[in-house]
Amino acid sequence: MTPELNERLTRVGKGTPAGELLRRYWMPVAPSAELTTAAPKKRIRVLGEDLVLFRDGQGRPGLVEEQCPHRSASLYYGFVEDDGLRCAYHGWKFDCAGRCVDQPFEPENGRLKDKVQAQAYPLQEFCGLIFAYLGPLPAPLLPDWDILRREDGDRLIDMLPVLNCNWLQIMENSVDPSHTYYLHAHTLATKGRAERGAYYYRPIKNLNFEVVKTPTWGGVIKQRVYGGDQAEEERGHPVIFPNMLLSPQRQHLVMHIRTPIDDTHTRIFRVQFTPNDNGRPQPQPAEVPVRYQDSFRNEDGEYHLDTFASQDAMAWETQGQVTDRERETLGSSDRGIVMYRRLLREQIDALAEGKEPIGVIRDPALNNRIKIEVSTGQARMAKMAEAAG
């Protein structure tokens, strides 16, 4: 891959080809639980933009540019009030839509206030997460994923430490199904924990990939065909364009959402759903629990490799913050990566031609509990292991 194409596919700032494409999709920016009465504001960075996330005194979330439109002081240090965020420098106040609603020390009947607008972005809260849309209006619908709405089990939000690498390295890993044998299963086996990676510690006879485009989502489905004593042909599971993975993990179903912070950092939100045994709805907590994962590294600063997350982080981050794809050598097992890159280039080009990218939903009739079936082998093996004690 040429350096020019690598830049085109990886950079996420305003005006960049991939950055403009990613701005056509809703992105999680924080768990709802992180905005509290005691701490109602949070400085965040999304797609290279420095922003302030806050919840006003009426409980409404807002997302505005960090620098005040008045004299560019940080709004993060402002005062959260009933109807907005007041700048700590001169007191100009902005509501959740970025409108200036108060200007102390300006003429009472002046019109300057009506001309001032802080850059603000639409927000929606769903399944314990705050989603933001940073693209042009009107915003599309926030996809109604079935895994985020199901009530027949337990749900948990897992927050991973910030990844010090570009978002595309993480996504390419998700269309690379052969890495699970050595990076996960064999690594755990060398640590005396082979049972944790047993599902993947089987000979792979074949790898299959399929590009999927539907009215509600697009992406690449990957499938492993295992041989040996526990032969199995998986149903497969998808990478959902542009930045998601829906994956069966032991008895859990997990949606991984990768939000680019900037060109060299990424934050991963994982929503884990564990179905109950009877398939019947059960009471859900008012607030989805949030768990913060430990560091990928040990006290010496080395990757401890004790978990899938640490193993993945090592593989992603040691490629470099933005990997040099000009030096790579792809094999036949990397077909999924080629397909995903081709899909990414195709959607960047489509947007440049004024077309709507795949997976952007505007028809409410289509946006109703979007469900994607995935492999069930891991859940089956987890139950067998649990029964065996």
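The values are calculated or read from the model by the stated rules, or taken from the named source; none is laboratory data. In this text the structure is predicted, and so the values were computed from the model without any measurement. Positions of Cβ are generated from backbone atoms using ideal geometry, with glycine treated the same way; all protein chains shown enter the neighbour counts.
The table for this structure:
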| read-out | value |
| --- | --- |
| Segment 124-161: number of residues that are out of contact with any strand residue (DSSP E or B) (no Cβ under 7 Å at 6 or more places or on another chain) and either over 18 Å from Phe273 (Cβ atoms) or of a type in the set (Phe, Trp, Tyr) (or both) | 10 |
| Among (1) of a type outside the set (Lys, Arg); (2) assigned to a loop (DSSP other than H, G, I, E, B); (3) within 13 Å of the chain's Cα centre (by Cα), the one test that Phe269 misses | (2) |
| Residues of segment 315-341 satisfying the condition of being assigned to a helix (DSSP H, G or I) and without any contact (Cβ under 8 Å) to a residue 40 or more places away in the chain | Arg327, Ser332, Val338 |
| Test: residue in segment 146-163 that is under 25 Å from Leu253 (Cβ atoms), surrounded by fewer than 15 Cβ atoms within 10 Å (Cβ to Cβ), β-branched (Val, Ile, Thr) and in the same structural domain as Phe241 (by TED's automatic domain parsing) | yes |
| Qualifying residue in segment 73-88 (condition: surrounded by 19 or more Cβ atoms within 10 Å (Cβ to Cβ), assigned to a strand (DSSP E or B), at pLDDT 95 or above and at positive phi) | yes |
